[in-house]
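One structure below.
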Amino acid sequence: MQRGMGVWLLAVSMTFCCGVRSLEAQEEKPASEDNRAKTEHPLKVVHAYRVDFSISELQDGKRINTRHYSMDLNSGPWSQIKIGTRVPVSPSQGSFQYVDLGTSIDCALDDQGEDLALDVRSDFSNFSSPEDQHSAQPVIRQIKINGRTLTAPGKPIVIGAVDDPSSNRQFQLEATVTKLR
């Protein structure tokens, strides 16, 4: 009887030990899956930045006009600055539609280690000068500069420059990125 009881206790304790080890293995498996998921999809650190834009108008190489715009943004999503006027234009007798005139700058920023990937889409439009108006309808001058480039914080970079085809003027879009604390 004592021998039977000893065998029974040995069997119960072995079953209990195997069951505990099985539970430990099951508990460890999700933890290792969590660790693997964290290494496969690490959380990306988001930083705050300020981007200062300058739109310069040059004539014969001399700067004659500069407009300044700035925005605070985080690395990642697109941000926008838009300022201007909605002007009614009559495409046909008795009807009209609105045209947006002014400045629109869309910007996205992505950390690339020491450098920053800066993506800019800009659109500048206004009525052309009176001497360029050769129609009863308003003539609109439009400049688009879009670009993606690497830049270092604190260093100004020219995103793009275009020559005005109807004059000896040039337009430049420059950006400077500053990391905020």
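The values are calculated or read from the model by the stated rules, or taken from the named source; none is laboratory data. Note that the coordinates shown come from a computational prediction; the quantities given were computed from them, not determined experimentally. Glycine also receives a Cβ, built like all others from the backbone with ideal geometry; neighbour counts cover every protein chain displayed. These area figures cover heavy atoms from the full protein model, side chains too; ligands, DNA and RNA do not enter into them. Shrake-Rupley method; radii C 1.70, N 1.55, O 1.52, S 1.80 Å.
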**Asked** When only residues in region 120-145 that are of a type in the set (Lys, Arg) and over 16 Å from the mean Cα position of the chain (by Cα) count, which is surrounded by the most Cβ atoms within 10 Å (Cβ to Cβ)?
**Response** Arg141
**Request:** Keeping to region 67-107, report how many residues are in contact (Cβ under 8 Å) with a residue 40 or more places away in the chain, within 22 Å of Ser54 (Cβ to Cβ) and β-branched (Val, Ile, Thr).
**Result:** 2
**Fill in**
A careful count of residues in region 116-134 that are touching a strand residue (DSSP E or B) at 6+ places or on another chain (Cβ under 8 Å) and at pLDDT 70 or above gives 13
**Meets criteria (farther than 17 Å from Val158 by Cβ, open to solvent by 40 Å² or more (accessible area, probe 1.4 Å) and at pLDDT 85 or above) for Lys44** = no
**Request:** Can you work out which of the residues in region 165-181 that are part of a strand (DSSP E or B) and closer than 19 Å to Lys62 by Cβ is least open to solvent (accessible area, probe 1.4 Å)?
**Result:** Leu173
**Prompt:** If we keep just the residues of region 88-107 that are touching a strand residue (DSSP E or B) at 6+ places or on another chain (Cβ under 9 Å), open to solvent by 30 Å² or more (accessible area, probe 1.4 Å) and of a type in the set (Ser, Thr, Tyr), which is modelled with the lowest pLDDT?
**Reply:** Ser90
**Members of region 108-119 that are in contact (Cβ under 8 Å) with a residue 60 or more places away in the chain and either buried (at least 18 other Cβ atoms within 10 Å of the Cβ) or not in a strand (DSSP E or B) (or both)** = Leu109, Leu116, Leu118
**Message:** Which count do you get for residues in region 53-85 that are loosely packed, with under 11 Cβ neighbours inside 10 Å and assigned to a strand (DSSP E or B)?
**Reply:** 4
**Item:** Residue that is modelled with the lowest pLDDT [pool: residues in region 47-60 that are farther than 20 Å from Asp110 by Cβ and of a type outside the set (Val, Ile, Thr)]
**Value:** Asp60
**Asked** Quick one: is Val162 in contact with a Phe, Trp or Tyr (Cβ under 6 Å, 6 or more places away or on another chain) and surrounded by 12 or more Cβ atoms within 10 Å (Cβ to Cβ)?
**Response** yes
**Fill in**
In the set Arg21, Arg36, Arg63, the lone residue that is under 30 Å from Ala117 (Cβ atoms) and at pLDDT below 90 is Arg36
